[in-house]
Amino acid sequence: MAVCELCGKEAPLISAIVEGSQMDVCMPCGKFGKVVRKPTQAAHARKASIPIKEIIETVTADYAAKVRQAREKSGMTQADFAKALNEKESVIQKLETGTFHPPISMARKLEKMLKITLVHIEEEEKVESEKKASSPLTIGDLINLK
Ligand SMILES: [Zn+2]
């Protein structure tokens, strides 16, 4: 087993910045510095136990036909519709021919105005593995793991 660089005790070690230099120390000694890496075992447990929910919004593939049909049904011309949306008429033309893919914010506006559904929401659960590298652990984190 490895030995703590500060007190010389045999213990599971963590990496911590102590007085400006990185050292492998035991948990109690880690309190004197800033922990930069937790024990491998804990890293595993944490990685597996925190799924991140990611919400993915996508605009339906047949948005062009949906918008055109709903707009025609409402009796508005492309020019009227452009005005109502505060967009250029050419944007509406492109939108209705499928050459302009609307951003989510615009699709939301279209949904409200035309009372149609354009945005699909998907929830994806994924386990975050990149995050821990970018956010150094504090002693508080280590205590919470127990
Ligand atoms: Zn120690």
Legend entry - Spin-label model distance (nm) - ILE17 vs GLU125, 7 Å beyond Cα toward Cβ: 3.6 nm
Legend entry - Net dipole in debye of the range 55-124 [+1 Lys, Arg Cβ; -1 Asp, Glu Cβ; about Cα centre; nearest 20]: 400 debye
Inset, instruction - Could you sort out which of LYS53/LYS88; LYS53/LYS109; LYS53/LYS94 sit more than 28 Å apart by Cα distance in this structure? - result: LYS53/LYS88; LYS53/LYS94
Legend entry - Virtual spin-label span in nm between LYS9 and ASN86, 7 Å along Cα→Cβ: 6.3 nm
Inset, instruction - Please express the shape of the range 55-124 as an equivalent ellipsoid: the semi-axes are the square roots of 5 times the eigenvalues of the C-alpha gyration tensor, given largest first in whole angstrom. - result: 21, 12, 11
Inset, instruction - Using a 1.4 Å probe and ignoring any ligands, DNA or RNA, find the accessible area of MET76 and quote it in Å² to the nearest 10. - result: 50 Å²
Inset, instruction - Enter the accessible area of ILE52 (Å², nearest 10), with the probe set to 1.4 Å and all protein chains included. - result: 50 Å²
Inset, instruction - Set Lys and Arg Cβ to +1 and Asp and Glu Cβ to -1, take the dipole of the range 55-124 about its Cα centre, and tell me which of ALA64, ALA79, PHE100 lies farthest positive. - result: ALA79
Legend entry - Accessible area per residue in Å² at 1.4 Å probe, computed on the range 55-124: 63 Å²
Inset, instruction - Pop out the carbon and sulfur fraction of the accessible area of the range 55-124 as a percent, whole number, probe 1.4 Å. - result: 52 percent
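The values are calculated or read from the model by the stated rules, or taken from the named source; none is laboratory data. Source: prediction; values computed, not measured. When we count neighbours, we look across all protein chains shown, and the Cβ atoms used for this are built from the backbone with ideal geometry, even at glycine. We work out accessible area using only protein heavy atoms, side chains counted, and drop any ligands, DNA or RNA first. Shrake-Rupley method; radii C 1.70, N 1.55, O 1.52, S 1.80 Å.
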